[in-house]
1. According to the square roots a ≥ b ≥ c of the eigenvalues of the Cα gyration tensor, what is the shape class of segment 64-186, taking rounded for a/c under 1.5, prolate for a/b larger than b/c otherwise, and oblate for the remainder?
2. Residues with beta-carbon under 10 Å from that of I166, excluding I166: net charge, scoring Lys, Arg +1 and Asp, Glu -1?
3. Would you mind calculating the relative contact order of the chain from Cα pairs under 8 angstrom and at least 6 residues apart, reporting the percent as a whole number?
4. Give me, ordered by chain and number, the residues 5 or more places off N66 or on other chains with an amide H under 5 Å from its own placed amide H.
5. Among D180, D73, rank each residue by its count of other Cβ atoms within 10 Å, from fewest to most, as a rough exposure measure.
6. ³J(HN,Hα) across segment 105-113 via Karplus (A = 6.51, B = -1.76, C = 1.60, θ = phi - 60°), whole Hz, x for Gly/Pro?
7. If you add up the charges near I74, with Lys and Arg at +1 and Asp and Glu at -1, over every other residue whose beta carbon is less than 13 angstrom from its beta carbon, what do you get?
8. Only Cα pairs under 8 Å and at least 6 apart count here; give the relative contact order of segment 88-127 as a rounded whole percent.
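Throughout, read-outs are computed from the coordinates displayed, never taken from laboratory work. Because the structure is a prediction, the values reported are computed rather than measured. Heads up, the Cβs are rebuilt from the backbone with ideal geometry, glycines too, and the neighbour counts pull from every protein chain shown.
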Amino acid sequence: MRKKASAGFFYIINKWTALAFCVLFILGVLLATWEVGNIVKIVAQPEKKPIYSVDTEGMTVALGINCAWDNSDIPELLSILEHYNVKASFFVLGSWCDQYPESVRQIAGAGHEIGSHSNSHANLTRLDKEGVLSEIRESCRKIEELTGKAPALFRPPSGAYNSEVIGLIEEEGLYPIQWDCDLIHMKTLKEKLP
Ligand SMILES: [Zn+2]
């Protein structure tokens, strides 16, 4: 008799436990589906990247020059480019426009492209959305005022970017431009040459 009662009690516990497990299982499945859905959503959003290079027919180099310090080498640089009949993209800071408006006009006047390198060379990945937009818009406004042409290219300072920064650059109608070879690469390459 005692054994039977014990078996019956055990059975009741088991039934409720089974029910509890069922409920937990269904909740678990629902939660997992929701979580997986969220994860899929996050994964499905591709990380935004700047343009490092583009495919071209034949051997082509796109020359990008950043203007963030003084302007002392600009006249020589322009005459070298003119000598070899080469056009380059100059990425200027908004603050550089303030300091050297004549140089900006001179570069644009020589037929080179003027892109933005931000307003103050701030690390855009450390700014909030408003800060990034202000860096982009301020610099573009200054460039357009000096050259009469709104820039189409934007190069983040120090090449520091994240998906949000690249998204904001694109939303402002600009191409985010990185590089796939810089002076440090060139130096290493030169050292390797016989
Ligand atoms: Zn720079």
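1. prolate
2. Details: positive: K48, K49; negative: E47, E164, E170, E171.
With Lys, Arg at +1 and Asp, Glu at -1, the net is -2.
3. Once divided by the residue count of the chain, the mean separation gives 20 percent.
4. Correct list: F91.
5. Starting with the residue having the fewest Cβ neighbours, the order is D180, D73.
6. For segment 105-113, the Karplus curve yields 5, 5, 5, 5, x, 7, x, 8, 7 Hz.
7. It works out to a net charge of -4.
8. The value is 55 percent.
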